[in-house]
């Protein structure tokens, strides 16, 4: 079951992505011109999405994929183009609406079901592959691993996710964010050392059926994220 700290942070993220930042997020994930800083974030996210997609089979026909924290739906659309049956879930109904509008008829030959809700919800069913791109970076490491273990119970092949690696730059940005007025703050990311995260994963009984697969760190200006894959043994 989700912890109290997970639920509290989830509420903060819902407020931020569905109200405070929805227009900025819509612009960032489009082709519209953005500032130099945001352009580096956009480039980093594009590279990360391409990386996670490269870890999935080229042919996903007949396979069920969970896009956990789908945002405006770009990854879900690409997976559906490979034939996947995609469940794309996000806590922000506004982002889900944008994703539906953008997907149009682009999903064939697969299909996408866009849902506003919690990636942790067992009612979403079982999946061959789960991808959680930059949707767990706001949670404490222990909560991240708890969510991964819950998803692993319903994942038959692979589970790929990203985390915010503990670097000097990210730590400095995290500290600086505390000086902004509370109303202007985005929900902070929670940097974690890769070794610590791997140790927590190895210690969690719910993840013992998985082995470490690919991993890759992407740094693009103000975007730094590390992707990790867990593969069913």
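The values are calculated or read from the model by the stated rules, or taken from the named source; none is laboratory data. Bear in mind that the values here come from a model prediction, so they are computed numbers and not experimental data. Neighbour counts are summed over all protein chains in view; Cβ atoms, including those assigned to glycine, are modelled from backbone coordinates with ideal geometry.
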(request) Could you please give the count of residues in segment 139-159 that are part of a loop (DSSP other than H, G, I, E, B) and under 14 Å from the mean Cα position of the chain (by Cα)? (result) 1
(request) Kindly check whether there is at least one residue in segment 203-216 that is surrounded by 16 or more Cβ atoms within 10 Å (Cβ to Cβ), part of a helix (DSSP H, G or I) and modelled with pLDDT under 95. (result) no
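So that you can scan it fast, the table gives a plain yes or no per residue for (1) in contact with a helix residue (DSSP H, G or I) (Cβ under 8 Å, 6 or more places away or on another chain); (2) crowded, with 16+ Cβ neighbours inside 10 Å; (3) at pLDDT 95 or above:
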site	(1), (2), (3)
146	yes, yes, yes
159	yes, yes, yes
169	no, no, no
181	no, no, no
184	no, no, no
194	no, no, yes
222	yes, no, no
233	no, no, yes
